[in-house]
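Each remark here refers to the structure printed beneath this line.
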Amino acid sequence: MRTEQHNNNNKRLLSSKAIKPTAYFIILLLTYTLGYLSSPSPTSSSSTSSLSLKPLPLKLNHASSTTTTTTTTILRVSDNTTTTEINSFRVTIRCADPIPPEEIRGTVINRLFDGTSPFHNFPPEHASAMLRRTTKVKGWGSNGAVFENLIRKVRPRVIVEVGTFLGASAIHMAELTQRLGLETQILCIDDFRGWAGFRDQFKNIAMLNGDVLLYYQFLYNVAVFNRTGSILPVPFSSGSALRKLCELGVFADLVEIDAGHDFLSAWADINRGYRILRPGGVIFGHDYFIAADNRGVRRAVDLFARIHNLRVKIDGQHWVIHTS
Ligand SMILES: C[S@@+](CC[C@H](N)C(=O)[O-])C[C@H]1O[C@@H](n2cnc3c(N)ncnc32)[C@H](O)[C@@H]1O
């Protein structure tokens, strides 16, 4: 009886010993199979850690109110987990309907200067002794041939200049338009702050309580050269000024870009300036060839032209993009 029980115990022991390796083997097999199935496929694009750039067809709107549509290509950026279309970051702003060129001066004076021209009663007493009369206004390529070439070709009613400084290029354009018998309004967008440290080169521009009188000196130069009827300042940062003009329906036949020369500034100004360009107008700017070369203005211009399928032409130090 005891021997029988002992035999039975041995059998149970033997069978449990035989089951264990089988179970381990099955678990191992299952684990391997699950691991294999959940691993990334070698052909899947997310298996690489680098970004992949793929061209996508895209329709872009030239955001003037009388829109033209161009077809071009954008890049799709994807990484391991997400796919982001650059188009998602595109903010399309619709400007107001264009107002007639002859109404632009009055509209800007009313909406930005409470109805009083900034040249009214100029210069104020507290500043007049600090302003300097000059026979040649300091600028950079401000009398370049590009101005005459474009003004002769386009015969603009409205010019918007982004980056004016002391007014050299604006005064030159005002002289040219008058010589050609045109009635042209020139709007000069500038925050009239210059740039940090610019007084190292321009000590002769007065300063009052740390506030450089660049705006007053600009108004003074325009007055001295007798151009107050055709030039009007828009004394705000380029972003807010261009947005405002778009909102007011102020469109230009010529837009000149010559403010910040780093990539981001130039890129923003070109894109915002293009919004207020009349269909068929010309956008152009200075310093296509500078030391920063492909890191600043030139990169922004070339990228913009590529996205919009437009050609960049060169005129001296200036880049020029015709939209017709
Ligand atoms: C190179 S100067 C313009 C020169 C002028 N076009 C000429 O030829 O005489 C650049 C001007 O851009 C202005 N500027 C720079 N960044 C600006 C911004 N974000 N908004 C408004 N003005 C800006 C500066 O105050 C400066 O007067």
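Identify the chymotrypsin sites (Phe, Trp or Tyr not before Pro) of region 140-179 meeting these criteria: DSSP loop state and at most 15 other C-beta atoms within 10 Å of the C-beta.
On the way: sites: TRP140, PHE147, PHE165; in loops: TRP140, PHE165.
Sparse-neighbourhood loop chymotrypsin sites (Phe, Trp or Tyr not before Pro): TRP140.
Taking all pairs of distinct Cα atoms, average 1/r, flip it, and tell me the Kirkwood hydrodynamic radius of region 125-210 in Å to one decimal place. Can you show the working numbers first?
Working: mean 1/r = 0.0683 Å⁻¹.
The answer is 14.6 Å.
Where the centre of each part is set by its Cα atoms, how far does region 140-155 sit from region 239-315, in angstrom?
Each part's Cα centre sits 16 Å from the other's.
Tell me, in nm to one decimal, what length is gained between LEU264 and TRP140 on full extension, where the rule is 0.36 nm per residue of separation less the Cα-Cα distance? Provide the component values of the computation, followed by the final result.
Working: separation 124, 0.36 × 124 = 44.64 nm, distance 2.11 nm.
Value of the extension gain: 42.5 nm.
So, in nm, how far is label THR92 from label SER128 when the simple model puts each one 7 Å beyond its Cα toward the Cβ?
For the pair THR92/SER128, the computed spacing is 5.4 nm.
Can you list the trypsin sites (Lys or Arg not before Pro) in region 143-224 that are in a DSSP coil and have 15 or fewer other beta carbons within 10 angstrom?
ARG193, LYS203
Kindly flag which residue pairs out of LYS138/LYS203; LYS244/LYS313; LYS138/LYS313 have an alpha-carbon separation exceeding 19 Å in this structure. Walk me through the numbers on the way to the answer.
On the way: LYS138/LYS203 13 Å; LYS244/LYS313 29 Å; LYS138/LYS313 26 Å.
Too far apart for the 19 Å limit: LYS244/LYS313; LYS138/LYS313.
Compute the Kirkwood hydrodynamic radius of region 151-267, taking the inverse of the mean of 1/r over all pairs of distinct Cα atoms, and give it in Å to one decimal. The partial results should precede the final answer.
On the way: mean 1/r = 0.0671 Å⁻¹.
That comes to 14.9 Å for region 151-267.
Give me the one-decimal nm value for the distance between modelled label points at ARG179 and ARG295, 7 Å along each residue's Cα-to-Cβ direction.
Using points 7 Å along Cα→Cβ, the separation is 3.8 nm.
Hey, got the dipole for region 180-324? About the Cα centre, +1 on K and R Cβ, -1 on D and E Cβ, debye to the nearest 20? List each step's numbers first, then the result.
Numbers: 15 positive and 15 negative charges, 56 e Å.
The dipole magnitude comes to about 260 debye.
Out of the chymotrypsin sites (Phe, Trp or Tyr not before Pro) in region 263-308, which ones are loop residues according to DSSP with at most 16 other C-beta atoms within 10 Å? Don't skip to the answer; put the middle values down first.
Working: sites: PHE263, TRP267, TYR274, PHE284, TYR288, PHE289, PHE304; in loops: TYR288, PHE289.
The qualifying sites are PHE289.
Report the gain in length on full extension from GLU102 to PHE198: 0.36 nm times residue separation, minus Cα-Cα distance, nm rounded to one decimal. Can you show the working numbers first?
On the way: separation 96, 0.36 × 96 = 34.56 nm, distance 3.62 nm.
Working it through step by step, the gained length comes to 30.9 nm.
Values in this text are rule-based calculations from the coordinates and carry no lab data. Everything numeric here is computed off the predicted structure, so don't read it as measured data. Backbone-built Cβ (ideal geometry, glycine too); neighbour counts: all protein chains shown.
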